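Remarks on the structure that follows.
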Amino acid sequence: MIGSWLLNGSTRVARAALPQDCLLCGAASDDAPLCGPCRDELPTLQRSCPLCAMPSALGEICGTCLRQPPPFDMTVAAWRYAYPVDRLVQALKFHGRLALAPFFADALACLVQGADIVIPMPLHPARLTERGFNQAAEIARELTGKLGTGKPATRLALQGASRIRRTLPQADLPVDERSRNVRGAFACDLDLTGARVAVVDDVMTTGATLGELAKVLKRAGAARVENWVVARTLD
Ligand SMILES: [Zn+2]
Ligand SMILES: [Zn+2]
């Protein structure tokens, strides 16, 4: 059933909560982009490493992270990056389905404990001009708004980090070249001394990009950096 909504391209959906049909099955879904049954069937992560979110039988820190601890302290992922989550992520990023941002934010809000500052993974200004919006910023904005009740106050810093160098798409590169590709790509002008920082992104693949940003945030004083991502690839 997926298809026409994905191919219909670049029309931005209105932010207003209008009755709509489920993007996946076409059933009525009130004001949500997916109906309840389709949402419940999205591929979740089973037990996973708290640092990198890769599978780990008992939910303990995985061998890779034990051998080489990543620059970040935790990764929370709402789903596995697999069908149909991959299509949903692409629908937000490339087809401007902005109604998916609050949907993704809802899923993450149930899983995270809160942070002092939320920073979206920045896009390079040239990429931002091409796309017209930063999908990570859209999710971060919605998510910060949902973290008020019962959790510590969380501040959104939309410009908390910036991309100062344009990099090649990580997906086009072999895994062992990805760290080098993003080295020196980010800057942070905030004083983050002692802050618990959460970085919001749509997809985590090798973690090289999130790792590079975490290093920069720690250099700016962050006491802790968590990744809050919509989807995690497992390969
Ligand atoms: Zn459905
Ligand atoms: Zn790990």
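Test residue 88 against the stated conditions and say whether it is modelled with pLDDT under 95 and touching a Lys or Arg at 6+ places or on another chain (Cβ under 9 Å).
Taking the combined requirement at face value, the residue does not satisfy it.
Working carefully through the options 197, 203, find the one that is outside any loop (DSSP other than H, G, I, E, B), in contact with a Phe, Trp or Tyr (Cβ under 6 Å, 6 or more places away or on another chain) and either open to solvent by less than 30 Å² (accessible area, probe 1.4 Å) or modelled with pLDDT of 95 or more (or both).
Going through 197, 203 in turn, just one is outside any loop (DSSP other than H, G, I, E, B), in contact with a Phe, Trp or Tyr (Cβ under 6 Å, 6 or more places away or on another chain) and either open to solvent by less than 30 Å² (accessible area, probe 1.4 Å) or modelled with pLDDT of 95 or more (or both): 203.
Filter region 97-156 for residues that are loosely packed, with under 15 Cβ neighbours inside 10 Å and touching a strand residue (DSSP E or B) at 6+ places or on another chain (Cβ under 7 Å); which is nearest to residue 39 (Cα to Cα)?
111
Considering only residues that are within 16 Å of ligand 1 (Cβ to nearest atom) and surrounded by 15 or more Cβ atoms within 10 Å (Cβ to Cβ), which ones fall in region 56-85?
Passing the criteria: 79, 84, 85.
Restricting to region 31-54, what's the tally of residues that are modelled with pLDDT of 95 or more and away from ligand 1 (no atom under 16 Å from the Cβ)?
Qualifying residue count for the region: 7.
All but one of (1) over 15 Å from the mean Cα position of the chain (by Cα); (2) closer than 16 Å to residue 46 by Cα hold for residue 75; state the number of the condition that does not hold.
All conditions pass for residue 75, except number (1).
Check off (1) under 14 Å from residue 203 (Cβ atoms); (2) assigned to a helix (DSSP H, G or I) for residue 79 and give me the number that stays unchecked.
(2)
The values are calculated or read from the model by the stated rules, or taken from the named source; none is laboratory data. Please read all numbers here as calculations on a predicted model, not as lab measurements. So basically every Cβ, Gly included, is an ideal-geometry build from the backbone, and we count neighbours across all protein chains shown. SASA here: full protein model, heavy atoms, side chains in, ligands and nucleic acids out. Shrake-Rupley method; radii C 1.70, N 1.55, O 1.52, S 1.80 Å.
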